[in-house]
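Q: The following block contains the structure, expressed as structure tokens.
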Amino acid sequence: QVQLVESGGGLVQPGGSLRLSCVASGSIFSIYVMGWYRQAPGKQRELVAFITSGGSTNYADSVKGRFTISRDNAKSTVYLQMNSLKPEDTAVYYCNAGQGATIYWGQGTQVAVSS
């Protein structure tokens, strides 16, 4: 069992930055693929980025060049650095941990981009 707790969301102006954190507990963090997803009002949850246990990363086209995912296995934490934020980035952001068919989700953290 893995517990995931996100933090770092908030209200930011367009062009601003935020860094989300997700702390994992309850299992061996380093073996999991870690991801960030988001869900905007009225829309389906979508993948933002993921990072493998080996450190390989993948991003949605909409965030490439603006967002960076990273992980610190010693702290059992995955980060999402979000720069040049746009109003369309407004959503609840969820942390995700996966290994094979086993997937865990955090409770989410709200990000609002507005002037």
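Q: For residue 71, list long-range residues whose amide hydrogen, built 1.01 Å from N in the peptide plane, is under 5 Å from its own amide hydrogen.
A: For residue 71, whose amide H was placed from the backbone, the distant partners under 5 Å are 79.
Q: Excluding residue 28 itself, calculate the net charge of residues whose Cβ lies under 15 Å from the Cβ of residue 28, where each Lys or Arg counts +1 and each Asp or Glu counts -1. Before the final figure, lay out each step's value.
A: Numbers: positive: 71, 75; negative: 72.
Neighbourhood net charge equals +1.
Q: Where a Cα-Cα gap under 16 Å defines reach, which lysines qualify for residue 86, not counting those fewer than 8 residues away within the same chain?
A: 64
Q: Next up: Counting Lys +1, Arg +1, Asp -1, Glu -1, what net charge surrounds residue 106 among other residues with beta carbon under 15 Å of its beta carbon?
A: Numbers: positive: 38, 45, 71; negative: 6.
Taking every other residue near residue 106 into account, the sum is +2.
Q: About its Cα centre, what dipole magnitude does the stretch 35-79 give when the only charges are +1 on Lys and Arg Cβ and -1 on Asp and Glu Cβ, stated in debye to the nearest 20?
A: 100 debye
Q: Here is a further query. Under a Cβ-Cβ cut-off of 15 Å, what is the net charge of the residues other than residue 115 that fall near it, where Lys and Arg count +1 and Asp and Glu count -1?
A: Local net charge: -1.
Q: To the nearest 10 Å², what's residue 57's accessible area with a 1.4 Å probe?
A: The accessible area of residue 57 comes to roughly 70 Å².
Q: How much of the accessible area of the chain, in percent, comes from carbon and sulfur atoms when a 1.4 Å probe is used?
A: Reported share for carbon and sulfur atoms: 48 percent.
Q: In addition: Counting only residues 5 or more places away or on other chains, whose amide H sits under 5 Å from the amide H of residue 85 once H atoms are built in the peptide plane?
A: Sorted by chain and number, the residues that satisfy this are 15, 16.
Q: Report P(r) for the chain: all Cα-Cα distances, bin width 5 Å, range 0 to the bin holding the largest distance, values in whole percent.
A: For the chain, the pair-distance distribution reads 2, 13, 25, 26, 19, 10, 5, 1, 0.
Q: Taking 0.36 nm per residue of sequence separation and subtracting the Cα-Cα distance, how much length would be gained by fully extending the chain between residue 5 and residue 53, in nm to one decimal?
A: 15.4 nm
Q: Then there is this: Hey, what's the stretch 2-89 come to in accessible area per residue, 1.4 Å probe, Å²? Display every interim value, and only then the final one.
A: Working: 4560 Å² over 88 residues.
For the stretch 2-89, the per-residue accessible area is 52 Å².
The values are calculated or read from the model by the stated rules, or taken from the named source; none is laboratory data. Everything numeric in this text was worked out from a predicted model, so none of it was measured. Neighbour counts run over all protein chains shown; Cβ positions are idealised from the backbone, glycine included. Just the protein is used for accessible areas: all its heavy atoms, side chains included, with ligands, DNA and RNA removed. Shrake-Rupley method; radii C 1.70, N 1.55, O 1.52, S 1.80 Å.
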